[in-house]
1. Just to be sure, is A:Ser251 within 29 Å of B:Thr281 (Cα to Cα), at the interface with another protein chain (Cβ under 7 Å from one of its Cβ atoms) and surrounded by 24 or more Cβ atoms within 10 Å (Cβ to Cβ)?
2. Look at A:Thr212 and say whether it is in a helix (DSSP H, G or I), within 14 Å of another protein chain (Cβ to nearest Cβ), in contact (Cβ under 8 Å) with a residue 12 or more places away in the chain and not charged (D, E, K, R).
3. Please go through the range B:159-198 and pick out each residue that is surrounded by fewer than 19 Cβ atoms within 10 Å (Cβ to Cβ) and not in a helix (DSSP H, G or I).
4. In contact with a Lys or Arg (Cβ under 8 Å, 6 or more places away or on another chain), outside any strand (DSSP E or B) and in contact (Cβ under 8 Å) with a residue 40 or more places away in the chain, is that true of A:Asp201?
5. Tell me whether the range B:340-352 contains one or more residues that are hydrophobic (A, V, I, L, M, F, W, C) and within 19 Å of B:Ala295 (Cβ to Cβ).
6. Looking only at the range A:45-76, count every residue that is in a strand (DSSP E or B), more than 10 Å from chain B (Cβ to nearest Cβ) and crowded, with 21+ Cβ neighbours inside 10 Å and tell me the total.
7. Scan the range A:258-266 and tell me whether some residue there is touching a residue at least 60 places away in the same chain (Cβ under 8 Å) and either among the polar types (S, T, N, Q) or closer than 27 Å to B:Gln311 by Cβ (or both).
8. Residues A:Gly136, A:Gly155, A:Gly141: which one is surrounded by fewer than 22 Cβ atoms within 10 Å (Cβ to Cβ), within 14 Å of chain B (Cβ to nearest Cβ) and not in a strand (DSSP E or B)?
Number of protein chains: 2
Amino acid sequence: MTETPYLLLDEDKVRRNIARLRSHLDALGTPLRPHVKTAKSVDVAKLLFDGGTGPITVSTLREAEAFADAGFTDIVYAVGIAPAKLDRVLALRQRGVDLVVLLDSVAQATAVAEASRAAGTAIPALVEVDCDGHRGGVLPGSPEVVAIAEELADGARLRGVLAHAGESYFCYTREALVAAAEAERAAAVRVAEDLRAAGHDCPVVSIGSTPTAHAVTDLTGVTEVRAGNFVFFDLVMAGLGVCSPEDLALSVVVTVIGHRPEKGWIMTDGGWMATSRDRGTARQPVDQGYGLVAALDGGIYPDLLMTDASQEHGTLSMREGSDRPLPDLPVGTRVRVLPNHACATAAQHDSYQVGASTWRRVNGW
Amino acid sequence: MTETPYLLLDEDKVRRNIARLRSHLDALGTPLRPHVKTAKSVDVAKLLFDGGTGPITVSTLREAEAFADAGFTDIVYAVGIAPAKLDRVLALRQRGVDLVVLLDSVAQATAVAEASRAAGTAIPALVEVDCDGHRGGVLPGSPEVVAIAEELADGARLRGVLAHAGESYFCYTREALVAAAEAERAAAVRVAEDLRAAGHDCPVVSIGSTPTAHAVTDLTGVTEVRAGNFVFFDLVMAGLGVCSPEDLALSVVVTVIGHRPEKGWIMTDGGWMATSRDRGTARQPVDQGYGLVAALDGGIYPDLLMTDASQEHGTLSMREGSDRPLPDLPVGTRVRVLPNHACATAAQHDSYQVGASTWRRVNGW
């Protein structure tokens, strides 16, 4: 029996979550380039491609290398490139992996072009587009867009544009999600058209986030959609209405180690080391603490939350204002904690338990 | 050159932080049983014992096993025991490791006594004492204290009592810290005396936390002091006045990957995956965001904070209200981020860079 705390993965739910997004995007006629940063698992990625390989997005070169080892050859590294990482990019490309980098400045384009010339091979790059002021990217209409393309032309190669609607994580209505998806699409398509108008090939128009990928209704001009979290989902996604708590494929199994009845606390051996410090639902309308608590069979205990965490201790108690009694969970009882943020919780572990199998994660950089 | 993001450890500062606490406790005549849960590194632990081994505290059985492999034989596992873990406890004891478990209920004492009888060896246990309502533990004066000791007597062995002043992390004056330390001492000693009065041997009286270990002025009746965070320190400890930001031995090295001058942002390749989601200073008088930013040589940029984080992106910007200009940090520049919570930040990595050496961590359970 695996010792607690550990990550439990429900493979049926993963398959169902994948089928749902695939079906939506198939209807819109646009391929999916899943982001493997959530699961960081070749086994999970194989569920995305019926046991085979396909186009993926990665968040680290370590992921790119591990997935290349597993036969994945079509990879976008979707974090703005740091010049010192171009040697590893080139090494992967020399192995036959079509690894594409991301950038949003002339300074990065200069570094990519120089590395391309030095290596005698054109590194392909996507220009990051800012569609909602969330993070990096060039603004649609900015003159920097064409300047980057011109700088790349001297040895490297423009592959296209990429946008990510990070602000969709704060959209609480169907209408707001659809609008965020359309803004993401429109920004990426606009920049691609500007590049084409300036005489640059721009074959790829890549957009996506889990909320917008599920909400999007029009993908005109888009060549691929990215999403990562959807394979597992989490309480933040449930809070946005993108899924229900019953869709969550990932949970942390913990053991009851004590009780403080006078405080209404049940203590467990799963603290923030097992769940992460991510409290994404704290800024949502319904704060789920460190997570909803379910029985080992998956049935959620109404109003029972993991409300506090030390490094290796979790505190379970009833949601504030609840009139339900604390369930009777003796020392030694195992329960599941459903996470706020699957990407962060999974990252605290090196593997998943899936039935009797152990699926490894690719952590680190 | 190590690629970013990575953990940089300043060995001189670690040595200085260790010498400071050792000197304080030497003056009080009480030995230190350091908690290895922060560093989770045999190399760091050896600095604690001048290259040798000594008594340690662990937060996981994985740590106990790894430190046993490295020759440490005097270990307290300071998380309330889950009965299913007793097999691993026994396996370590059979290797000659004096591994001691912690408990705060008759139910756990029953499990420890049963496992002891079944194995034909008495597992030693400490009774956890609640000194400040922070987490688990029995209350001083509670009849459960003696009931636990009596239950243990049937095959296992009472080793003593243990208290941890977790609420000291919310004490913002020297007087409050000294009072927390005295409350921790008094609670543990009181329970030890109650056990002795009931006819039980109680050789160990163990107390400690990083804030109280530095503040304590009287250790009468205490046989050992535990602390863990002090080897690295962090911004939460600096916010409590236990150390200064210049004492922080741990930082995350990140690379600048972009700029959003119109927003006052510098983007880096170090997101929450590299720093953790821990925002411990958010509830302190001075919120340090995801961390203070320093140059690679260690010099802190006044008012420059890591203010936001995605999985692999960090945002640096000036502290709200600052009238200083954003420093000029071109793409490719490396900087350090000083963490809120060293235990959580270090846990996002599998090793430390220490000069030209790599020191491995013992992650997982």
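Computed from the coordinates by the stated procedures, all read-outs in this text should not be read as laboratory data. From a predicted model like this one, the values you see are computed outputs, not experimental measurements. All Cβ positions, glycine included, derive from the backbone under ideal geometry; neighbour counts span all protein chains shown.
1. Taking the combined requirement at face value, the residue does not satisfy it.
2. Answer is no for this residue.
3. If the condition is that a residue be surrounded by fewer than 19 Cβ atoms within 10 Å (Cβ to Cβ) and not in a helix (DSSP H, G or I), then B:Tyr172, B:Thr173, B:Ala198 are the ones that fit.
4. Answer is no for this residue.
5. There is no residue in the range B:340-352 that is hydrophobic (A, V, I, L, M, F, W, C) and within 19 Å of B:Ala295 (Cβ to Cβ).
6. Going through the range A:45-76 one residue at a time, the tally reaches 4.
7. no
8. A:Gly141
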